[in-house]
Amino acid sequence: MVAENKIEWVIQCDNCGKEYDIPDKISTSLEDMEGTEQLVLETAPICPYCNTLNSRLAKHVF
Ligand SMILES: [Zn+2]
């Protein structure tokens with residue numbers, strides 16, 4: 001999927017709390033979770049700041 005709205009989503013690291021862009025190499029899909037759209041990554045991203053494996057759920061930036 002070509003996610004033009006990908007830029008509206010970031011990953012927030014569970015460990016250090018920093019936010020970073022979704023890596024281009026990871027494909028994503030929008031899923032309906034209890035009535036709200038949730039961007040889910042195909043594979044878990046790794047935080048570029050602390051190298052911790054993070055959640056596959058992106059955080060919406062408004
Ligand atoms: Zn981190």
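Read-outs throughout are calculated quantities, based only on the coordinates presented, and are distinct from any laboratory measurement. Just so it is clear, the structure is predicted and the values come from calculations on it, not from any experiment. Cβ placement follows ideal geometry from the backbone for every residue including glycine, while neighbour counts extend to all protein chains displayed.
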Quiz item: How big is the charge dipole of the chain about its Cα centre, in debye rounded to the nearest 20, if each Lys and Arg gets +1 on its Cβ and each Asp and Glu gets -1 on its Cβ?
Solution: 300 debye
Quiz item: Toward the positive end of the charge dipole of the chain, about the Cα centre and with charges on Cβ (Lys, Arg +1; Asp, Glu -1), which of 41, 15, 28 goes farthest?
Solution: 15
Quiz item: Could you give the longest part of the chain that holds none of the trypsin sites (Lys or Arg not before Pro) found in DSSP loops with at most 13 neighbouring Cβ atoms within 10 Å?
Solution: 26-62
Quiz item: What percent does the relative contact order of the chain come to when contacts are Cα pairs within less than 8 Å and at least six residues apart?
Solution: 36 percent
Practice problem: List, in order, the whole-Hz ³J(HN,Hα) value for each residue of segment 43-53 obtained from phi through the Karplus relation with A = 6.51, B = -1.76, C = 1.60 and θ = phi - 60°; use x for Gly and Pro. | Solution: 10, 5, x, 10, 4, x, 8, 10, 6, 9, 6
Self-check item: Cα-based equivalent ellipsoid of the chain: semi-axis lengths in Å, sorted from largest, via gyration tensor
Solution: 19, 12, 11
